[in-house]
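The values are calculated or read from the model by the stated rules, or taken from the named source; none is laboratory data. All of these numbers come straight from a predicted model, not from anything done at the bench. In this analysis, Cβ positions are derived from the backbone assuming ideal geometry, glycine residues included, and neighbour counts consider all displayed protein chains. Areas reflect the complete protein model, heavy atoms only, side chains present, ligands, DNA and RNA absent. Shrake-Rupley method; radii C 1.70, N 1.55, O 1.52, S 1.80 Å.
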Amino acid sequence: MSTILWLFVLLGCLVPAVSALGEIPRPEHPRPDFERPLWLNLNGEWQFEIDQNGDGEQRGLTQGRDLAQRILVPFCPESRLSGIGNRDFMRHVWYRRHFDVPSGMRGRRLLLHFGAVDWLAKVWLNGKYLGEHRGGYTPFTFDITEHARETGNELVLYAFDATTGGTQATGKQAHSRESEGCVYTRTTGIWQTVYLEAAGATYLREFALTPDPANKRVLLQCETVGPTAGVTLRLRAYAAGRLVGEERVPANGRATAAVLNLKRVTLWHPGKPFLYDLVLTIERNGAVLDEVRSYFGLRTITIEGNRFLINGKPVFQRLVLDQGFYPDGIYTAPTDADLKRDVELAMAAGFNGARLHQKVFEPRLLYWADKLGYIVWGEYPSWGLNAGDRTALAQAFEEWREVVRRDRNHP
């Protein structure tokens, strides 16, 4: 085995231990590209139970019932870091925890976010059924404003995961009990951060950003939720801390569009990244209703024949195949530093990017790629999916659209 391969094997085994008792694992905001200042991380110890017969709802697990075990979220129950470490198949699992709404978030609209739950998730708050989400790789959100209390909220989640059924995209999760070949330990249930954010009566749901460096601007298409009478969207771009662009436009629901002209143009390029900070503020009569912090890079991508061009310059792509599995965390990196180190190791070995193989990675991996000037190719984790099943295929198409919407603004 070569020296550099030995180095990668050794470094891959040096996984940091779980945070000390009482500390929140993965405490950082999971979406640096869409971050509100008022938020609450709900990672940490939850109650947990494997529902062997799939009858938990009939047994009343949706409200007021203690579960049999404890788990450390956001690590999946197959992982050592979760405290469970069950490597067998688990079709039905339940989670439960309590939380208080911080005083600074009370009286505002409350948005409950799940980064990813594999595969079918159903959620209850204080006994009220909030809804469900299908797909193991994409985020989903519930507006819990009408159902949340100031203190003592009971949050319950049920996850169904039929890895071998052909109806789910499982990527490199093994369909046999043990890892074999190039398929590895499965992931069931919660595997990305759960968090609460506070917004206003009118808030920003999402935005799509198109860089236009030739014309010294970026184009934005935004969606706002809530009353729009007298409401404006204010956009500010900063370069190295200096304001280089500002614009205000009327908030108009899904049709909120803006052009943000820039006084300074510095391109994002592989190995030479430059990121602008972006602040999007929903206002009414000067009062801030909602604020989201993000960032962007200015760059163009074109193809000429067999050449791939970034900013009009051909880029030879030296790509590593990134598996996205961690010995102790399975799908979930033990720490944010591990995600950053994955990019740094690849760049130190001479690669300028990665193919993210058969998995939709955590948003913070894309954040570090943006920060460090690293190219990534995302792909859908299609292994395990019966493409002849129209229902399964329709679900895969819907999930892939959700992936594109989540990741489209990364440079």
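H98: part of a strand (DSSP E or B) and within 27 Å of V403 (Cβ to Cβ), yes or no? It would help to see each step written out before you state the result.
On the way: part of a strand (DSSP E or B): yes; within 27 Å of V403 (Cβ to Cβ): no.
Taking the combined requirement at face value, the residue does not satisfy it.
Given the criterion open to solvent by 20 Å² or more (accessible area, probe 1.4 Å), among the hydroxyl-bearing types (S, T, Y) and either free of Cβ contacts under 8 Å to residues at least 24 places away in the same chain or under 28 Å from G253 (Cβ atoms) (or both), identify the matching residue among T151, T167, T228.
Numbers: T151 fails: either free of Cβ contacts under 8 Å to residues at least 24 places away in the same chain or under 28 Å from G253 (Cβ atoms) (or both); T167 fails: either free of Cβ contacts under 8 Å to residues at least 24 places away in the same chain or under 28 Å from G253 (Cβ atoms) (or both).
Sole residue among the options that is open to solvent by 20 Å² or more (accessible area, probe 1.4 Å), among the hydroxyl-bearing types (S, T, Y) and either free of Cβ contacts under 8 Å to residues at least 24 places away in the same chain or under 28 Å from G253 (Cβ atoms) (or both): T228.
Tell me which residues, restricted to the range 379-394, are open to solvent by less than 40 Å² (accessible area, probe 1.4 Å) and more than 20 Å from the chain's Cα centre (by Cα).
Passing the criteria: G384, L385, A392.
How many residues are open to solvent by 70 Å² or more (accessible area, probe 1.4 Å), more than 16 Å from A333 (Cα to Cα) and assigned to a loop (DSSP other than H, G, I, E, B) when one looks only at the range 23-62?
7
Given the residues V376, V360, V404, which is the only one that is modelled with pLDDT of 95 or more, in a strand (DSSP E or B), within 20 Å of the chain's Cα centre (by Cα) and of a type outside the set (D, E, K, R)?
Working: V360 fails: in a strand (DSSP E or B); V404 fails: in a strand (DSSP E or B).
Only one candidate qualifies: V376.
Could you list, in sequence order, all residues of the range 379-401 that are of a type in the set (A, V, I, L, M, F, W, C) and either on the phi > 0 side of the Ramachandran plot or in a loop (DSSP other than H, G, I, E, B) (or both)?
Of the residues in the range 379-401, the ones of a type in the set (A, V, I, L, M, F, W, C) are 383, 385, 387, 392-394, 396-397, 400.
Selection gives W383, L385, A387.
Output the number of residues of the range 131-156 satisfying the condition of being over 22 Å from C76 (Cα atoms) and either assigned to a strand (DSSP E or B) or hydroxyl-bearing (S, T, Y) (or both). Even if it seems obvious, please write down each step before you answer.
Residues of the range 131-156 over 22 Å from C76 (Cα atoms): 143-153.
Going one step further and asking which of them are either assigned to a strand (DSSP E or B) or hydroxyl-bearing (S, T, Y) (or both), we end up with 143, 145, 151, 153.
Qualifying residue count for the region: 4.
In the range 232-257, how many residues are surrounded by fewer than 19 Cβ atoms within 10 Å (Cβ to Cβ), at pLDDT 95 or above and among the aliphatic types (A, V, I, L, M)?
Total meeting the criteria: 5.
List pairs: first residue in the range 237-248 and touching a residue at least 40 places away in the same chain (Cβ under 8 Å), second residue of a type in the set (V, I, T) anywhere in the structure, Cβ distance under 9 angstrom, at least six positions apart or on different chains.
That search, which allows pairs on different chains as well, returns A237/V218; A237/V244; A237/V279; Y238/V244; Y238/V279.
For the range 115-158, which positions are at positive phi and hydroxyl-bearing (S, T, Y)?
Hits for the range 115-158: nothing passes.
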